[in-house]
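To keep things clear, I will list the structure first and then write my remarks on it.
The values are calculated or read from the model by the stated rules, or taken from the named source; none is laboratory data. For clarity, every value in this text was computed on a predicted model and none was experimentally measured. Counting neighbours? That spans all protein chains shown, and the Cβs are built from the backbone with ideal geometry, glycine included.
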Amino acid sequence: MNSRSQVYLIVCIIIIILSLSLLNVFEPLYISVVEEDSVVMLYQLESIAVEALAYGSTKYVMNNTTLNQAFSQYIYNALCVLNHTGIFKGEVNNFSITCHLTIGRSYNVTYVKLYKVTYSFSSLNGTYVVHLDVLNVDRSSIYPVIKIRYYHYSSLTPNTIRTRSIEVMGGMILRDNATIFTITALSKEVIIRDDLGITTFLHID
Amino acid sequence: MRTLEALLIALLVVLSDTYILGYTPYTVLLIPYDIGVGRILAWLDSVGLLKKLIYSERYDELNRILVSLLDRPFSLEIYTVNGTLVFQNGSISKQYRHPIIYVITGVNGSFNPRIIVLRV
């Protein structure tokens, strides 16, 4: 190999190494590859579960309906449509969706800590979680200032915390970073609604 | 000397690449080939595009995205739950063999289902 070829070889190697390291900068959006096609059904179920949670949580917070009742009502209607389209292909009994609610209490604030939906189809299953944490309450000013952490999580994209934008009723909100928000509570009951329509509340004692 | 020359060329190439990447808006939509067309609608729904485009009636935009993602002819139909056709691109032809059906039930907790039929 002559010296000119050596130069080209070295250049190629350096460019390949640097290109590969540059590729890591990109964060690809992709859904996990599963051999079975029923993974589509998981996405379908998650889509329905999120809407049912939006409907159920809004009814629960605004109308005092039990979460499970409103959630189940939406799921029932949605599954009727799915069954009508023939998507289930006779496997209508092979799925399940359940919804859990956890109420948390810290710094004399009662709040919805967790909405957790678990769903399964065939041998596959998934979880969708709406997470709220009260990190700090500052009562030194006229109105209490509450620092919260709020995000969604789906087991279909396990390495990603899904950040959401939120708006509040009964207070003012500032976004500190992707998941941390500061709320100035103007009333004892603060209602939080995110861009997917999921509603939670904070009750200050 | 030759090594120095090689390093200099590589540096120039990388710098020019970085400059181009830095000033060119880009979106990386990396879809594993194994997903196939069967999972395109599910994937679009998972990233929030499907509901956004359909409920704001931006069907042409959805059509354009599908054209860029699918490398083959397709037909897209969107129905309401009553079976009313709200969007269709082209005509249904016998060349489309695999209908893929995906349902979105609403947005922000509303119940207003749309049935999406993608034929490839």
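Would you check if there is a residue in region B:44-57 being away from chain A (no Cβ under 13 Å), under 13 Å from the mean Cα position of the chain (by Cα) and modelled with pLDDT of 90 or more?
Of region B:44-57, the ones away from chain A (no Cβ under 13 Å) are B:53, B:56-57.
From what is left, the residues that are under 13 Å from the mean Cα position of the chain (by Cα) are B:53.
Among the residues that remain, those that are also modelled with pLDDT of 90 or more are: B:53.
Yes; the residues of region B:44-57 include at least one that is away from chain A (no Cβ under 13 Å), under 13 Å from the mean Cα position of the chain (by Cα) and modelled with pLDDT of 90 or more.
Scan A:74, A:119 and give me the residue that is at pLDDT 90 or above, hydroxyl-bearing (Ser, Thr, Tyr), over 18 Å from the mean Cα position of the chain (by Cα) and under 24 Å from residue B:50 (Cβ atoms). Lay out the reasoning, then the answer.
Details: A:119 fails: over 18 Å from the mean Cα position of the chain (by Cα).
Going through A:74, A:119 in turn, the sole match is A:74.
Name the residue that is surrounded by the most Cβ atoms within 10 Å (Cβ to Cβ), counting only residues in region A:130-159 that are within 30 Å of residue B:43 (Cα to Cα) and polar (S, T, N, Q). Before you say what the answer is, go through the steps one by one.
Going residue by residue through region A:130-159, those that are within 30 Å of residue B:43 (Cα to Cα) are A:130-133, A:149-159.
This time we only want the ones that are polar (S, T, N, Q), so: A:154-155, A:157, A:159.
Working: A:154: 20, A:155: 15, A:157: 15, A:159: 6.
For region A:130-159, the residue satisfying everything is A:154.
Quick check, is residue A:98 in contact (Cβ under 8 Å) with a residue 60 or more places away in the chain, on the phi < 0 side of the Ramachandran plot and not aliphatic (A, V, I, L, M)?
Details: in contact (Cβ under 8 Å) with a residue 60 or more places away in the chain: no; on the phi < 0 side of the Ramachandran plot: yes; not aliphatic (A, V, I, L, M): yes.
No: the conditions fail for residue A:98.
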Exclusive hit being of a type in the set (D, E, K, R) and at pLDDT below 95, set A:89, A:113: A:89
Strands (runs of 3 or more DSSP E) wholly inside region A:104-198 that include at least 2 residues being touching a Leu at 6+ places or on another chain (Cβ under 9 Å): A:109-121, A:124-138, A:145-154, A:171-175, A:180-185, A:189-194
Test: residue in region A:77-87 that is buried (at least 17 other Cβ atoms within 10 Å of the Cβ), in contact (Cβ under 8 Å) with a residue 40 or more places away in the chain and assigned to a loop (DSSP other than H, G, I, E, B): yes
Failed criterion for residue B:33 (all others in (1) surrounded by fewer than 11 Cβ atoms within 10 Å (Cβ to Cβ); (2) at pLDDT 80 or above; (3) within 11 Å of another protein chain (Cβ to nearest Cβ) hold): (2)
